[in-house]
Amino acid sequence: MTLPKHVAIIMDGNGRWAQLKHRPRSFGHVKGTRVAKKIITACSRRGIKHLTLYAFSTENWFRPQTEVSLLMRILQRYLRRETENLVKENIRFSVIGDLSRLPKDVLKSIEGAMATTAQCTGLHLVFALSYGSRQEITNAVRDIAEKIANGEISAHEVDEEMINSSLSTYPTPDPDLIIRTSGEQRLSNFLLWQAAYSEFYFTDVLWPNFTETHLEEALTAYSQRQRRFGKVAHDSVEKLSN
């Protein structure tokens, strides 16, 4: 099986899962965190090089304050409890997004986890926190514009590689496979630039019900696809030449 080097997951459906069980949304978020832990470990042991989880978007700040505070507490608790396990699994942790909006104690936990796992050489785990792709692209354009204004570069020097290297994901490679749970089929402001040639896998399974079996199904589906990146498949060229 051909494995993707980089898997990105939009973990959707925690709230709906909880509502179906007549429980508060917080119950779904706690269960979703446990599922994330299992999937992180599964990806690590499967040999995947990069895993990006859409943990908290810029739009999530508009949710009720009680829910936002709970999500921040869950994140902090996860980092405090799991950093040792990340090291044990040789997983390096990093984040992308507007971290300036995060509570100081949460930011301190993030920095601690990043420092502790910095020397790990296995799976690179990325949490997208307070992340929005449009904001990321806007910031990259602004940085490049300032360099032009300061005479550091000329407008003619701006190319895809320069834009790419100005994004918060650099130098992590673009995702090969993007998985979204809960039946929704959209990116929701996630890795818009980076997803140009990603393969998509949508499933109706709500995130708290997502298992290693579901992950394997997504990886199998990916391995059966032919990625051409806009080119003609090699076998098609041979048929035309004959």
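The values are calculated or read from the model by the stated rules, or taken from the named source; none is laboratory data. None of the values given here were measured: they were computed from a predicted structure. Heads up, the Cβs are rebuilt from the backbone with ideal geometry, glycines too, and the neighbour counts pull from every protein chain shown.
On the given criteria, is PRO175 touching a Leu at 6+ places or on another chain (Cβ under 7 Å), under 23 Å from CYS43 (Cα atoms) and in a loop (DSSP other than H, G, I, E, B)?
In short, yes.
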> What are the residues in segment 1-43 that are of a type in the set (Gly, Ala, Ser) and buried (at least 20 other Cβ atoms within 10 Å of the Cβ), if any?
Replying inline: ALA8, GLY13, GLY15, ALA18, GLY28, GLY32, ALA36
>> Where the second residue is assigned to a loop (DSSP other than H, G, I, E, B) and aromatic (Phe, Trp, Tyr) and the first is farther than 21 Å from ASP143 by Cα and touching a residue at least 40 places away in the same chain (Cβ under 8 Å) and lies in segment 168-194, which pairs have Cβ atoms under 6 Å and are six or more apart or on separate chains?
In response: THR181/PHE210
> Pick from segment 195-209 the residues that are out of contact with any Pro (no Cβ under 8 Å at 6 or more places or on another chain) and under 29 Å from ILE137 (Cβ atoms): which of them is surrounded by the most Cβ atoms within 10 Å (Cβ to Cβ)?
Replying inline: TRP207
>> Please go through segment 211-229 and give me each residue that is over 14 Å from LEU3 (Cβ atoms), in a loop (DSSP other than H, G, I, E, B) and free of Cβ contacts under 8 Å to residues at least 12 places away in the same chain, ordered by number.
In response: GLN226, ARG228
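Out of THR138, THR169, THR121, I need the residue that is farther than 30 Å from SER223 by Cα and modelled with pLDDT of 95 or more. Which one?
Of the residues listed, the single one that is farther than 30 Å from SER223 by Cα and modelled with pLDDT of 95 or more is THR138.
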> When you look at LYS49, is it within 15 Å of the chain's Cα centre (by Cα) and among the basic types (Lys, Arg), yes or no?
Replying inline: yes
> So which of LEU99, LEU86, LEU79, LEU129 ends up being within 20 Å of the chain's Cα centre (by Cα), of a type outside the set (D, E, K, R) and surrounded by fewer than 16 Cβ atoms within 10 Å (Cβ to Cβ)?
Replying inline: LEU99
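Given the criteria among the aromatic types (Phe, Trp, Tyr) and either farther than 22 Å from LEU187 by Cα or more than 15 Å from the chain's Cα centre (by Cα) (or both), does PHE56 qualify?
So PHE56 does not fit the description; no.
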> Filter segment 209-232 for residues that are hydrophobic (A, V, I, L, M, F, W, C) and over 19 Å from ILE40 (Cβ atoms); which is modelled with the highest pLDDT?
Replying inline: ALA221
